[in-house]
1. If you fit an axis through the alpha-carbon atoms of helix A:34-47 and take the longest principal axis of the Cα set of chain A, what angle between them do you get, 0 to 90°, nearest 10?
2. Can you compute the FRET efficiency between A:Ala192 and A:Asn148 using 1/(1 + (r/R0)^6), with r the Cβ-Cβ distance and R0 = 22 Å? Round to the nearest 0.05.
3. So for the pair A:Ile203, A:Lys114, with labels modelled 7 Å out along Cα→Cβ, what separation do we get in nm?
4. What's the center-to-center distance, using Cα atoms, between segment A:157-174 and segment A:1-36 in Å?
5. Can you return the aspartates and glutamates within cross-link range of A:Lys27? Criterion is Cα-Cα under 16 Å, with same-chain partners fewer than 8 residues away left out.
6. List, in order, the whole-Hz ³J(HN,Hα) value for each residue of segment A:198-210 obtained from phi through the Karplus relation with A = 6.51, B = -1.76, C = 1.60 and θ = phi - 60°; use x for Gly and Pro.
7. Calculate, in nm to one decimal, what A:Leu17 and A:Val83 gain on full extension: separation in residues at 0.36 nm each, minus their alpha carbon distance.
8. Which residue fluctuates most in the GNM of chain A (Cα springs below 10 Å): A:Asp147, A:Asp196, A:Asp54?
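Taken together, the values in this text are just the output of simple stated rules run on the coordinates, not laboratory data. Keep in mind it's a predicted model, so treat the numbers as computed, not measured. Counting neighbours? That spans all protein chains shown, and the Cβs are built from the backbone with ideal geometry, glycine included.
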Amino acid sequence: MNIFRFAGDMTHLISILVLLLKIYATKSCSGISLKTQELYAIVFVARYLDLFTDFISVYNTVMKLVFIGCSLAIVWCMRLHRVVRRTYNKDVDTFRHYFLVLGCFLLALFVHEKFTFQEVLWAFSIYLEAVAILPQLVLLQRSGNVDNLTVQYVFFLGAYRAFYILNWIYRYLTEPHFGRWIASVAGLVQTALYADFFYYYFISWKNNAKLQLPA
Amino acid sequence: EPETEAHDEL
């Protein structure tokens, strides 16, 4: 494992911890898209079915369990927690995420490494992860006034994607048979979705001002 | 046909 991959995993973990902290500390999930969180829960469950069949390392296994556990906990909080669920911005979180699920599943049926149950689900999870942030970005843009922890959450998620791209470049240059084209192309698409957010993030950082997304 | 590598990333 190279330093970029590790940095990517850590920023991914931090993003999830920031989100859990926000929900726990403020008892509020305002500004957070339940649609995006549900998509991530589907992504993790679909991808990490290999927990039952393949063992890579203790690190991988623990991280997979943490990701599945945290994503399910977040969805549970937003849907069922007595206090937290009342703070959910249902009216602005209207992205029709089922279309994303359907589209990604159809794509995975046709574009995959191997036509097996697990490989198709793996490709599906890669495609779905690439677009899962969309409802969150739409919600950020619509609600205008975004709290700091939500901004940090999206920032760390974006940083995770950026580090993974560096990781793939590094692996491509150093490993003779590294060719993970499905993951790399989907990863590039996913990172591109953050470009706009990052642009405004850095402007607000430079001006030492609160992040404002244009309507 | 080459065997699919195990997915070693998260």
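1. 20
2. 0.30
3. For the pair A:Ile203/A:Lys114, the computed spacing is 4.8 nm.
4. Computed from Cα coordinates, the inter-centre distance equals 19 Å.
5. List returned: A:Asp147.
6. Rounded to whole hertz, the list is 5, 4, 6, 4, 6, 4, 5, 5, 5, 8, 6, 10, 5.
7. Extending this stretch completely gives an extra 21.8 nm.
8. Sorting by GNM fluctuation, first place goes to A:Asp54.
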